[in-house]
Structures are given as C-alpha cells and as structure tokens.
Amino acid sequence: MEKKVIEAIGISKSFHDPLTVKVLTDISFSINAGEFVSVVGKSGCGKSTLLYILSTMDTNYEGELLLDGISMTNKKDAELAMVRNEKIGFVFQFHYLLNEFNNLQNVMLPGLKLANLSPKEVEHHAYQKLKILGIEKEALKYPNQLSGGQKQRVAIARALINEPLIIMGDEPTGNLDKKNSDVVFNIFKELAEEYHQSLLIVTHDLDFAAKTHRTITMEDGKIMSHGLSSS
Amino acid sequence: MKFKLIAEISFALLRARLKQTMVAAFGVTFSITMFITLLSFMGGLNDLLDNLILNRTPHIRLFNEISASSIQPIAKSKAYAGAYNFISHVKPKNDLLEIRNSEAIIKALKADPNVRGVAPKNTVPVFYNVGAINLTGVIDGIDVDAENKLFTFQDYVVNGKTMDLKNTPNSIILGIGVAKKMLVQVGDNIQITTSKGTQFPLKVVGFFQSGMDEMDKIQGYVTLSTTQKILGKPASYVTDIQVKLYDMTLAPALAKKYGKLFETDAVDIQTTNSQFKTGSSIRTLISYAVGITLLIVAGFGIYNILNMMIYEKMDSIAILKATGFSGKDVNTIFITIALTIGLVGGALGLVFGFGLSAVIGQIPFNTASLPTVKTYPINYNPKFYLIGAVFSVITTYLAGYFPSRKASKIDPVDIIRGK
Ligand SMILES: Nc1ncnc2c1ncn2[C@@H]1O[C@H](COP(=O)(O)OP(=O)(O)OP(=O)(O)O)[C@@H](O)[C@H]1O
Ligand SMILES: [Mg+2]
C-alpha cells in the first residue's frame, strides 16, 4: 500500500453567521504520495473551505485530519504554523508576494523561517526552484516588476522551497490567461512526474482537471466522485 | 538567527513606509528632547533656589533655646518628694544662650567621620546707629575660614575681601541693604549698640549680598572674637555650633544624637527648610507631567503608524501566517517596528535634549540678587537621561502592543477568502 500524505476522516463544517449553514458534510478521502489530484465542483460547493481545513489554517471543523499519518486535530496554533512551514506549500489565485522583498527573498522567506539550512544554502535552493520554473532571470527583480504569470511562478517556487509533503492550490490559474495557465499546469505536471511531488489543486478548468491523475468532484459540500478508476 | 529574520522583515516594512515612520520617530525625538530639556532646566533652577538657602544653612545647628529649666529646685527637695508643686512665672536663667563646654563639643564633632566641618557662631542682636536713628539688626560672629569653606561665604561678599574681616581688628562686613540705609562706604566707621546698651565702633571692610533682601537689610558679619569683645564674654563664648555633614540625609538622626550627647538643642536642615523641598518637588512633578504627556502624544503617533501599516499589510501578514510564521512571530515583527521607532527617536531625543539644554546653559542670566550666577542654570543629571530612555521604550512598547496583538490575531483565511 502506498503512503498517504493526507487523509480526511469525516470532516464536516458549518458557518453560523448569520444562519447555521452546513458547508461540508462528512468528507473522507486520502491522497497518496506522488499523486496529482484536482478538485472540481460548482461555485459555492465548499472547495475553498475544504482546502483551508486541509491546510490547517482553519481549525474550526468536526472530524479528523491526518497529515503524514499525524493527527492535526487539537494541535496548538504555533505547532500548526510549524507544520504549514515544513509540510505544506501553498499557491493561491492571488500571488501574495511581499513587495518589500525581491523575488528571490520572497522565495527564501519560508526557508529562512524553517532554518534547517544556512541562509546561503536556502538562497541556493531558492535559486534552483526559480530555475525549475524558468524565471531565474527575475530573481533580483521585485514582484511589482513582473507579469501576472511570472508572479504566480514565483509564488509556486515559494511553495516549493521547503520541499513540502504536499502542494495545495486554490485556483492557482484562475487569474491567468490560457497560455500562462498551460505554463503553470505543465510545471505542476513536471513536479508530479519528475519530482514525485504530491499536489492537490482546486480548479474550475475542466481541461486542466482532466489532465491530472485523479479528479475529486464535489457538490453541495459532499464528494460525489473520488475519480478513482475502480469506483 | 531566528530573530534576525524577524528583524529583517520588520525593517523591510519600516523602509517601505519610511516617511511616516520618520514622522513617528520625530514625535518621540521631540518629546524626549523637551523632556530632557525641561527636567535639566527645572533641575538647575531647583538647585539654584535650594542652594540659595541650603548652601547657607548648616545641616545641623546646635544652640540653646531660651526656656525655663523644666526641673526646678523644689522638685529635687527630699522634703517634698511625692508631692505636687505649682510655680507661676518661672523665668529663664541669664547664661542660657551660651553653649557650655563649646570647645570640647567642637573637638568631638570634628572627630566624627560623618562631619565635613564645624563652624562656631555667635549671634548678637544690635542697633546700627545712624545719626539719631537706630536700625535694628543682627550681627553674626563667625570663624571666617570655616564659614568660607562650609558656606561659601566669600561668594556673597561683593565688595571687599573676607580676609580683611579676619585681619582688621573690630571690622564688619555689612549687608548691602544696611549699608545703603546707612550710606556708608567700605573703609567707613560705624557705631553699634547692643541690647544691653553697650556702644561699639566697627570698621566696614566689605559688603555682602545674599540674594535675600530681608536678610541683607539687617545682617552684618564680624569675627567670633569681636562678638566676644562686644558682649564682654570670654574666648570660649559660643551661642551656635553649625555642622555640615557629608551626607545631608543623616541630619535628622545625628541632630537627635548630638542634642542628647551635648545637652543642647539641635535642629536639622530638613526640619528648618521643609518648605523649600516641597517647592522643588512640585516643580519637578510638573516637569515630569509635561514630559510624560508629550511622550504619550508621541505614543499615539506610533500607534497610528502601526495600525496603518497593519491595515496596509494584511495580505503580507496573511501569507506569512499561511507559510508558517506563527502569531507570535507576527507580533514580534510589529513590536520590533514600534521599538525601533522608539529607540531611534528616543536616542536622537537624548542627544538633542543634551544639545538644547547646553544651549540654554549658555544664555546669559544676570540677576542682582545672585552674583555667582551668570547663565541659566542647567542640571545635567544622568538620571534624567535614564528616565527619558526608559520612558521612551515603555511608551513605544505600549503603543505597539495593541496593534501588534491585533496583527497576530489576523486570520489568514479571512484575508485570502476576501480576495
Ligand atoms: N465566512 C463565511 N460565512 C458564512 N458562509 C460562508 C463563509 N465563507 C464561505 N461561506 C459559504 O460557504 C460556501 C462554500 O464556500 P467556498 O468558498 O468554499 O466555495 P467554493 O467552492 O470555493 O466556490 P468558488 O468556486 O466560487 O470559489 C458558500 O456557500 C459560501 O457562501
Ligand atoms: Mg473557492
């Protein structure tokens, strides 16, 4: 049996403001190491909400979440921050780069925070990640000097810096045109194939989803299909 | 290592808002500058006013109060032991003003390690004779050397020298007020009359100006031996023994001890001059209040800039938290920003405060009643600088505390969902 990097067991979530609305109902699934999984579903069906829970940023849910076989439920905020730092890489629709730092420094920040390596080594790694994404030439520029697609690639490099267990993306290509979407998709594909990187990407783009290893389909806070060939 | 990263992020955020942070830091600089200047100036002024009195006041004064003896002969009589007695109109004895055994007492005091110096004194109430008019006055017989050493007597002598008093027999240094009334010059002879009616001629060898008009209008100084001559008393006759200590705060305790030991009355400076301390402490209090008010206003400046920064940097805070910085890290980042503003602003404030008080210390300040003071008085007490530094750090920390806590509580999900 393959190693499960992430496992959700009966996760449910409700919002209570202004009325109690159940957004996620009994979500259970898992992702194996090296898998490239996409999540699709209608707008408002709870994809982002689920991703925030899986990423440990939202702790207000029922059920259990295992990351790398370790339960994340009932961990303290500071511990969860460390887990995010070490094990999870994020790519959002918006790039969230810090304009006060150049692109290389932006990529380095989570690595410096982890502090497993010396700053010199972190810099070297960051440079390599930028190279993988084909934007090493922009390393010393600042984020506001880049195009949308380039910014998103810097954001992906930042997600990669600590060689995370899994990369999560919430519509990472949502702000990009077709050409740039393809570039980003190919990068994800390459990461999965060449580096055996596990990926969980929420998307609206069905073409994009079709090209991933597996597509989880959601509807009204429930998983309709796990996309496994057997089921 | 870890703090270095936090500090780098803090400084990057600071640099991005350089102008506003400089304005905030300038607020701190301004308030600390004013705080230091105000306290140094007030401190100098307090010292000046206190010294006006305190320099000329002994820490402990030994004397005999004129009062009837509390033990009357009848109380010692064996015949009436155990009985009550009532005596009306008891009168004090004639020789009570004199401190008995003064030579031995002075010797004992000089041997005490707490004592910086001892100056014996005789006080004689007199009339200055000006033609048909008698002006009331007081003549102090002093030991010129001790008086110079302990009470900087020479600083107040504006005309003539203190040494002339010592070297010219039967000489007097007159208060400038008396001299004006009597229309005398240095070198003139004047006539005084004691309360017993004795007349005595004295040669004026100088004038003095204490800064206190009332005193200058009645006071004259002669040597101890001159007073003894005027009164027809022996060379041991002393009515006051003035003591200066190394540590003024010991005065009350030592006064009690000496009073008992030497069987005289003893009064300490704290008791005789309590009103001056009250004045100084109120002036100091006002300076602190103004200084701290300025600092609090500067604190609001820092509070504002931090709040603005946090509002602007919501996205950055969210992504920092999403990528593994804890709430505590975020808190530290903003506290670091606040403290940097406070420390830089505060340090500049200390320097400018020193500069401004030095400038004020150069401004001429001439007043007739204070012959030794030529410029505005400034007290460069390091304590003020220490308090200024501590206050600037505390206020900026408090100003940074609430915004930083707010930043640390930002939920990244709220921000990311809002995009
Ligand atoms: N803070 C909130 N309070 C109340 N309801 C919320 C809140 N956030 C989200 N919801 C509701 O939860 C449901 C799921 O939202 P979510 O953002 O997860 O949808 P989504 O699948 O990501 O949609 P989209 O594809 O448009 O991004 C929506 O119906 C939304 O209205
Ligand atoms: Mg969404």
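The values are calculated or read from the model by the stated rules, or taken from the named source; none is laboratory data. No experiment lies behind these values; they were computed from the predicted model shown. Every residue, glycine among them, receives a Cβ derived from its backbone with ideal geometry; neighbour counts consider all protein chains shown. Accessible surface areas use protein heavy atoms only, side chains included; no ligands, DNA or RNA. Shrake-Rupley method; radii C 1.70, N 1.55, O 1.52, S 1.80 Å.
Note on the stretch B:239-344: Kirkwood radius taken over Cα pairs, Stokes-Einstein applied at 25 °C and 0.890 mPa s, translational D equal to 126 µm² s⁻¹. Contact residues in the stretch B:1-46 by the 30 Å² criterion (accessible area, 1.4 Å probe, full protein complex versus chain alone): B:MET1, B:LEU5, B:ILE9, B:ALA12.
Shielding value for B:325-331 is 4, the average number of Cβ atoms from other chains within 10 Å of each residue's Cβ. The share of Cα pairs per 10 Å bin across chain A, counted from zero up to the longest distance, runs 8, 33, 36, 20, 4, 0 percent. Note on the stretch A:153-206: with charges restricted to the Cβ of Lys and Arg (+1) and Asp and Glu (-1), its dipole about the Cα centre is near 140 debye. When Rg and the Kirkwood Rh are both derived from Cα coordinates, the Rg/Rh ratio for the stretch A:112-196 amounts to 0.96. Structural descriptor for chain A: relative contact order 29 percent, calculated from alpha carbon pairs under 8 angstrom and at least 6 residues apart. Kirkwood radius and radius of gyration were both taken over the C-alpha atoms of chain B, and their ratio Rg/Rh is 1.23. Largest GNM mean-square fluctuation among B:LEU174, B:LEU245, B:LEU39, using chain B with Cα springs under 10 Å: B:LEU245.
In the frame of its principal axes, the stretch B:107-248 has Cα extents of 51, 31, 27 Å, reported largest first. In a DSSP loop and with at most 16 other Cβ atoms within 10 Å, the trypsin sites (Lys or Arg not before Pro) in the stretch B:46-154 are B:LYS93, B:ARG100.
Between the stretch B:283-316 and the stretch B:204-224, the C-alpha centres lie 54 angstrom from each other. Total buried accessible area between B and A, probe 1.4 Å, nearest 100: 2200 Å². In summary, the helical segments of chain B meeting the span-like criteria, namely a full DSSP H run, a Cα extent along the axis of 30 angstrom or more and a mean Kyte-Doolittle hydropathy of at least 0.0, are B:18-54, B:274-312, B:327-360, B:382-409. For the protein assembly as shown, the solvent-accessible area of protein heavy atoms averages 49 Å² per residue (probe radius 1.4 Å; ligands and nucleic acids excluded). Here the Debye sum runs over all C-alpha atoms of the stretch B:279-410 as equal scatterers in vacuum, and log10 of I(q)/I(0) at q = 0.13, 0.18 Å⁻¹ comes out as -0.67, -0.98.
Under the combined filter of DSSP loop state and at most 13 neighbouring Cβ atoms within 10 Å, the stretch B:165-234 retains these trypsin sites (Lys or Arg not before Pro): B:LYS196.
According to the Cα-based calculation, Rg over Rh for the protein assembly as shown is 1.34, with Rh computed by the Kirkwood formula. State which entries of A:LYS75/B:LYS328; A:LYS189/B:LYS321; A:LYS120/A:LYS189; B:LYS161/B:LYS244; A:LYS151/A:LYS179; B:LYS4/B:LYS409 exceed 18 angstrom in Cα-Cα distance in the structure shown. Violating the 18 Å limit, Cα to Cα: A:LYS189/B:LYS321; A:LYS120/A:LYS189; B:LYS161/B:LYS244; B:LYS4/B:LYS409.
Just the protein heavy atoms count here, and of the accessible area of the protein assembly as shown at 1.4 Å, carbon and sulfur take up 58 percent. Do any GluC sites (Glu not before Pro) in the stretch B:15-121 lie in a DSSP loop with no more than 16 other beta carbon atoms within 10 Å, and if so, which? Listed in order of number, the matching sites are B:GLU65.
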